[in-house]
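One structure is given below, encoded as structure tokens.
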Amino acid sequence: MLMRTPEGLKVQADIKRDTRLYSAPMNPPGTGTAFTTGTDLYCHKARSGRLFYYGFSWSLWQGDSDHYKLLEEDGAKEFVLRKATIARFVAGVNEDACKELWGEDFFDEDA
């Protein structure tokens, strides 16, 4: 998927190659329709070396389209922290990748 930044740069997102920072739960067996839509978070490293973050929203419902949305780094961090709080680090958040990008103390309290 080709996306444009507010500055007009083109970013080629690829969910198969880019680093997944968060993976939304997807309809495990026996759950009914509880997890039929979700948003995963990815980090794309451009040829220039610059990092771009994007959400990939998906749906298992017929007729619904997947879509992508670029996020600023602060927005990506907030997304991960919100999901980590909800999931209590049990599932979904790729802690190792987040710490590699944002530092070992990313999930530590700093108040």
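The values are calculated or read from the model by the stated rules, or taken from the named source; none is laboratory data. Source: prediction; values computed, not measured. Reconstructed Cβ throughout: ideal geometry from the backbone, glycine too, with neighbour counts over all protein chains shown.
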- Query: Would you pick out the residues in region 65-91 that are at pLDDT below 85 and not aromatic (Phe, Trp, Tyr)?
  - Reply: 84, 85, 86, 87, 88, 90, 91
- Cross-chain or 6+ apart pairs with Cβ under 9 Å, region 94-111 first and closer than 12 Å to residue 77 by Cα, then acidic (Asp, Glu): 99/105; 101/73; 102/73; 106/95; 107/95
- Message: Checking residue 51 against (1) under 11 Å from the mean Cα position of the chain (by Cα); (2) within 16 Å of residue 19 (Cβ to Cβ), only one condition comes out false. Which one?
- Response: (1)
- Message: One residue is enough: does region 13-36 have a residue meeting the conditions hydrophobic (A, V, I, L, M, F, W, C), surrounded by 14 or more Cβ atoms within 10 Å (Cβ to Cβ) and farther than 19 Å from residue 96 by Cβ?
- Response: yes
